[in-house]
Amino acid sequence: MDHDLLKPAAIGGRLIKLRTALGVPTSAAFAAMVEITPQALNNYERGRGRPNLDQALRIVAKTGVTLDWIYLGEISGLSVRLAQVLAAEGVGPASRE
């Protein structure tokens, strides 16, 4: 396992790419969508921590990603459509995110 994928900065990068891929224009709008505070999301996007399990489950429920994708960058459990959208943002097996 690549331990760099577990680092807060890698998780934050994935959350930014998810927000962009979903067409959500701002962090504040994405935070409202996934029902976490804007301050918390800002910290995650900047690599200043990781979403706790409750927050990650909200992201899963609202976006269709998996916990494995959030924490490990594993795309195998994503829907084909979501995997394609994320691939357009540079997230996929080749980038190991």
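Read-outs throughout are calculated quantities, based only on the coordinates presented, and are distinct from any laboratory measurement. Remember, predicted model here, so these are calculated numbers, not experimental data. Every residue, glycine among them, receives a Cβ derived from its backbone with ideal geometry; neighbour counts consider all protein chains shown.
Set the Förster radius R0 to 22 Å, insert the Cβ-Cβ distance between ALA88 and ALA29 as r into 1/(1 + (r/R0)^6), and round the FRET efficiency to 0.05.
On the way: r = 20 Å, r/R0 = 0.90.
Rounded to the nearest 0.05, the efficiency is 0.65.
Computed over the Cα atoms of region 3-88, what is the ratio Rg over Rh, Rh following Kirkwood? Taking Rh as the inverse mean 1/r over Cα pairs, Rg/Rh reads 0.92. In this label model, SER76 and LEU5 are separated by 0.9 nm, measuring between points 7 Å along each Cα→Cβ vector.
Across region 21-29, rounded Karplus estimates of 3J(HN,Hα) from the backbone phi angles (6.51 cos²θ - 1.76 cosθ + 1.60, θ = phi - 60°) give 4, 7, x, 8, x, 9, 4, 4, 5 Hz, Gly and Pro being marked x. Its Cα centre serving as origin, region 3-88 has a Cβ charge dipole (Lys and Arg +1, Asp and Glu -1) of approximately 180 debye. Computed on region 3-88, with alpha-carbon pairs under 8 angstrom and 6+ residues apart, the relative contact order is 33 percent.
Among THR20, THR63, a tally of other beta-carbon atoms within 10 Å of each Cβ gives an order, fewest to most, of THR20, THR63.
Database remark: amide H of GLY47 closer than 5 angstrom to the amide H of GLY12 (H placed geometrically; neighbours at sequence offset of 5 or more, or on other chains; Pro and chain starts carry no H). Extension gain for LYS62 to ASN42 (0.36 nm times residue separation, less C-alpha to C-alpha distance): 5.4 nm.
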